[in-house]
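Derivation of every value follows stated rules applied to the coordinates shown; laboratory data play no part. These figures come from a predicted structure and were not determined experimentally.
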Amino acid sequence: MNKLTVYGYPKCGTCRSAVKSLESKGYELEQHNLFEQAPPAEVLAKLIALSGLEAKKFFNTSGEAYKEMKLKDKLTGLSEQERIELLASNGRLIKRPIVTDGKRATVGYKEDEYDRVWRG
């Protein structure tokens, strides 16, 4: 059975939909609650590299923490490493869910993307 690691938040509807989709495809899931503990910077850097996206795509731009910290204006002035450190400092800043099999990673949940990337 294929195993995936999912970084999300159990009360998040999008995360629950993603988990349901992955389980229906036969995946065994190891779930991590981002609100309890954000992944360390080294793990985030690897996930970002596996996704092929920039760190700024990993920010939950609609979240309260993002808005309270006024990051919309601040992110442009930060280096990629500074962005990763910021994400690692607060799991509520991270767009969810992040799913990885160690070879690739997706961030957010779009059913068509999951059907393409996580076929099962």
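Percent antiparallel among DSSP beta bridges with both residues in the chain, to the nearest 5?
The antiparallel proportion sits near 55 percent.
If contacts are Cα pairs under 8 angstrom and at least 6 residues apart, what is the relative contact order of the chain in percent?
37 percent
Under 5 Å between amide H atoms, partner at least 5 residues away or on a different chain: which partners does Phe59 have, H built in plane at 1.01 Å?
For Phe59, whose amide H was placed from the backbone, the distant partners under 5 Å are Lys95.
Using only alpha-carbon positions, what ratio does the radius of gyration of the stretch 62-120 give when scaled by 2.2 N^0.38 Å?
1.34
Given H placed on each backbone N at 1.01 Å, which residues far from His32 in sequence or on other chains put an amide H within less than 5 Å of it?
Here the answer is Val6, Tyr7, Gly8, since their amide H atoms fall under 5 Å of that of His32.
Normalise the Debye intensity by I(0) for the stretch 3-117, one equal point scatterer per Cα, no solvent, then take log10 at q = 0.20 Å⁻¹ and round to two decimals.
Summing over Cα pairs of the stretch 3-117 leads to -1.07.
Between the stretch 3-18 and the stretch 45-76, how far is it from one alpha carbon centroid to the other, in angstrom?
The stretch 3-18 and the stretch 45-76 have Cα centres separated by 18 Å.
Viscosity 1.306 mPa s, temperature 10 °C: give me the Stokes-Einstein translational D for the stretch 1-66 in µm²/s, with Rh taken as the Kirkwood radius over C-alpha pairs.
120 µm²/s
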